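Visitor: Quick one: the structure is below, questions incoming.
The values are calculated or read from the model by the stated rules, or taken from the named source; none is laboratory data. All figures in this text were calculated on a predicted structure; none of them were measured in a lab. For neighbour counting, all protein chains shown are included, and Cβ atoms are generated from backbone atoms with ideal geometry for every residue, glycine included.
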Amino acid sequence: MRKMKDSGIEWIGEIPCNWDVSKIKYLIKNPLQYGASESGIDYDEKLPRYIRITDITMDNELKEDGKLSLDLATAKPYLLQDEDILFARSGASVGKTFFYRKEFGVSAFAGYLIRASFDKTIACPKFVFFNTLGLNYENWKNQSFSQATIQNIGADKYNEYVLPTPPFGEQKRIADFLDAKCADIDQIRADIEKQIEILTDYKKSVITEAVTKGLDPKAKMKDSGIKWIGKIPEHWDVHPLYYYFGERKHKNVLGEEKNLLSISYGKIIRKNIDSKEGLLPENFDGYNIIEKDDIVMRLTDLQNDKRSLRTGLVKEHGIITSAYVTLKAKRDLSAVYFHYLLHCYDLLKVLYNMGNGVRQGLNFSELSRMMLIEPSIVEQKAIAVFLDEKCSEIDATIAEKQKQLETLEEYKKSLIFEYVTGKKEVV
């Protein structure tokens, strides 16, 4: 076991005796550069696409749809060099780091990033990248130059960040070792993410099949008259939404109701009405009072169909923003079945692009003319029970996969930390 010494930096701890600690500014070849700067290059249509920190995946790759439209009056691009490091200096992504390689084919970036080009005679850029990969507010606050909450990390703070620095040859060995190990971890993670994607698609197909075809595979079928549904069991009915539902409009006029609810990822959740976080109004008099078995629909921004989580089934008395449309049953029906049905309509993109105005929204009057299908009440309840059980099983499997991803990410962080600080040695 090699001899260790105190680095003098709390978050680093001990490092090997032949290692040093260096501020980033002593490892950089050129002055730090920002996207927002008058010294940026002029815009040229021939340049490859610009990148931003949100274009970067967890395994340091670029998203295929990550093209950035940018306002060149406020954000000027910079040409990138092979093995530059980009560092997010503000916003929710503070600390996110990207190691640029020329084969990415993206030679300019803009806005809210620090670009660092390292002196390759004393610093292995990939080693520095692994050192800064996990930086976040906590690590920055641990540095001696800042004791306050940081909203924006400027060049001065980035320059002063202290890194453990082994001899150059060892930096290279550590970087190569971590490259290989992290590639293995990233491949495992990609496989798990693919499994989650398959399970999510399977869940969608189970819901769609059950709510539109029923549970009896031998049932005689007929044309529903609804192109996105096709055939349905012969004895099912078809009516406009207003045949089944009215709109619940019961304002919280006196502000007496305090159980604040909201839609989150397709579920109705409780929110803290006294919270100072988020965009909550001064009072909740204009909110709707809603009841158990109501169905809440978020019908704004219909052009954005990426998440398909616009419906929520209410399970308790409470209040919710009147920006949502709340449906209340007009006849005997299974709210659970109709919630799954409307969720299916969302999955099939029936709501996509239906609305009007800049935000493409629908009101109840417009929504009410949408045609719905209706099994018998006995079948509705049976389908609801089947889907509750089946979706719970699938969700539990997905949750287990998500835990595996979290474990892998923690292992990756721990592995990087142990090697870049010399706690473990590449042999």
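Visitor: For residues that are modelled with pLDDT of 95 or more, under 18 Å from Leu341 (Cβ atoms) and touching a His at 6+ places or on another chain (Cβ under 6 Å), tally how many sit in segment 288-323.
Guide: Residues flagged as modelled with pLDDT of 95 or more, under 18 Å from Leu341 (Cβ atoms) and touching a His at 6+ places or on another chain (Cβ under 6 Å) within segment 288-323 amount to 2.
Visitor: Take the residues in segment 404-427 that are assigned to a helix (DSSP H, G or I) and β-branched (Val, Ile, Thr); name whichever of them is surrounded by the fewest Cβ atoms within 10 Å (Cβ to Cβ).
Guide: Checked segment 404-427; the qualifying residue surrounded by the fewest Cβ atoms within 10 Å (Cβ to Cβ) is Thr407.
Visitor: Something else now. So, Met354, is that one within 27 Å of the chain's Cα centre (by Cα) and closer than 27 Å to His239 by Cα or not? Give the steps one after another, and end with the answer.
Guide: Numbers: within 27 Å of the chain's Cα centre (by Cα): yes; closer than 27 Å to His239 by Cα: yes.
Judged against the criteria, Met354 is a match.
Visitor: Being within 30 Å of Lys96 (Cβ to Cβ) and of a type in the set (Ser, Thr, Tyr) is true for just one of Ser414, Ser334. Which residue is that?
Guide: On the way: Ser334 fails: within 30 Å of Lys96 (Cβ to Cβ).
None of the others qualify; the one that does is Ser414.
Visitor: If we scan segment 343-359, do we find a residue that is hydrophobic (A, V, I, L, M, F, W, C), at pLDDT 90 or above and more than 19 Å from Lys227 (Cβ to Cβ)? Explain how you work it out, then say what you get.
Guide: Narrowing segment 343-359 to residues hydrophobic (A, V, I, L, M, F, W, C): 344, 347-348, 350-351, 354, 358.
Okay, now just the ones that are also at pLDDT 90 or above, so 344.
Among the residues that remain, those that are also more than 19 Å from Lys227 (Cβ to Cβ) are: none.
Within segment 343-359 (the criterion being hydrophobic (A, V, I, L, M, F, W, C), at pLDDT 90 or above and more than 19 Å from Lys227 (Cβ to Cβ)), the answer is no, since none of the residues qualifies.
Visitor: Still on this model: Of the residues that sit in segment 90-111 and are hydrophobic (A, V, I, L, M, F, W, C) and at pLDDT 70 or above, which one is surrounded by the fewest Cβ atoms within 10 Å (Cβ to Cβ)?
Guide: Residues of segment 90-111 that are hydrophobic (A, V, I, L, M, F, W, C), as a first pass: 92, 94, 98-99, 104, 106, 108-110.
If we keep only those that are at pLDDT 70 or above too, we end up with 94, 98-99, 104.
Working: Val94: 19, Phe98: 25, Phe99: 20, Phe104: 16.
Looking at the filtered set, the residue picked out is Phe104.
Visitor: Tell me, yes or no, whether segment 312-331 has at least one residue that is touching a helix residue (DSSP H, G or I) at 6+ places or on another chain (Cβ under 9 Å) and surrounded by fewer than 15 Cβ atoms within 10 Å (Cβ to Cβ).
Guide: The answer is yes, given that some residue of segment 312-331 is touching a helix residue (DSSP H, G or I) at 6+ places or on another chain (Cβ under 9 Å) and surrounded by fewer than 15 Cβ atoms within 10 Å (Cβ to Cβ).
Visitor: Suppose the filter is out of contact with any Leu (no Cβ under 7 Å at 6 or more places or on another chain), surrounded by 14 or more Cβ atoms within 10 Å (Cβ to Cβ) and assigned by TED's automatic domain parsing to the domain that holds Ala329; does Leu260 pass it?
Guide: The answer is yes for Leu260.
Visitor: Out of (1) surrounded by fewer than 18 Cβ atoms within 10 Å (Cβ to Cβ); (2) touching an Asp or Glu at 6+ places or on another chain (Cβ under 9 Å), the odd one out for Ala335 is which?
Guide: (1)
Visitor: Taking segment 366-384 only, how many residues are in contact (Cβ under 8 Å) with a residue 12 or more places away in the chain and surrounded by fewer than 13 Cβ atoms within 10 Å (Cβ to Cβ)? Working first, answer last.
Guide: As a first pass, look at segment 366-384 and keep what is in contact (Cβ under 8 Å) with a residue 12 or more places away in the chain: 366-377, 379-384.
Restricting the remaining residues to those that are surrounded by fewer than 13 Cβ atoms within 10 Å (Cβ to Cβ) gives 369.
Of the residues in segment 366-384, 1 are in contact (Cβ under 8 Å) with a residue 12 or more places away in the chain and surrounded by fewer than 13 Cβ atoms within 10 Å (Cβ to Cβ).
Visitor: Please state which of the following conditions Asp332 fails to meet, knowing it meets all the rest: (1) assigned to a helix (DSSP H, G or I); (2) among the acidic types (Asp, Glu); (3) in the same structural domain as Glu316 (by TED's automatic domain parsing).
Guide: Evaluating Asp332 over (1) assigned to a helix (DSSP H, G or I); (2) among the acidic types (Asp, Glu); (3) in the same structural domain as Glu316 (by TED's automatic domain parsing) leaves (1) as the failure.
Visitor: Considering segment 157-171 alone, what residues qualify as being surrounded by fewer than 17 Cβ atoms within 10 Å (Cβ to Cβ) and more than 20 Å from Gly95 (Cα to Cα)?
Guide: First, the residues of segment 157-171 that are surrounded by fewer than 17 Cβ atoms within 10 Å (Cβ to Cβ): 160, 167-169.
Within segment 157-171, Pro167, Phe168, Gly169 meet the criteria.
Visitor: Restricting to segment 245-255, give me the number of residues that are aromatic (Phe, Trp, Tyr) and touching a Phe, Trp or Tyr at 6+ places or on another chain (Cβ under 7 Å).
Guide: Going through segment 245-255 one residue at a time, the tally reaches 0.
Visitor: Scan segment 349-358 and give yes if some residue there is touching a helix residue (DSSP H, G or I) at 6+ places or on another chain (Cβ under 6 Å) and in contact (Cβ under 8 Å) with a residue 24 or more places away in the chain, otherwise no. Write out each step before concluding.
Guide: Going residue by residue through segment 349-358, those that are touching a helix residue (DSSP H, G or I) at 6+ places or on another chain (Cβ under 6 Å) are none.
Checked segment 349-358: no residue is touching a helix residue (DSSP H, G or I) at 6+ places or on another chain (Cβ under 6 Å) and in contact (Cβ under 8 Å) with a residue 24 or more places away in the chain.
Visitor: Tell me, which residue of segment 386-427 that is touching a residue at least 12 places away in the same chain (Cβ under 8 Å) and of a type in the set (Val, Ile, Thr) is nearest to Ile185 (Cα to Cα)?
Guide: So in segment 386-427, the residues touching a residue at least 12 places away in the same chain (Cβ under 8 Å) come out as 386-388, 390-391, 394-395, 397-398, 401-402, 404-405, 408-409, 411-413, 415-417, 419-423, 425-426.
Subsequent filtering for residues that are of a type in the set (Val, Ile, Thr) retains 394, 397-398, 416, 420-421, 426.
Numbers: Ile394: 25, Thr397: 21, Ile398: 19, Ile416: 12, Val420: 17, Thr421: 20, Val426: 18 Å.
Here the answer is Ile416.
Visitor: Looking at segment 240-247, is at least one residue of a type in the set (A, V, I, L, M) and surrounded by fewer than 17 Cβ atoms within 10 Å (Cβ to Cβ)? Break it down into steps so the answer makes sense when it comes.
Guide: Filtering segment 240-247 down to residues of a type in the set (A, V, I, L, M) leaves 241.
Filter once more, keeping what is surrounded by fewer than 17 Cβ atoms within 10 Å (Cβ to Cβ): none.
No, segment 240-247 has no match at all.
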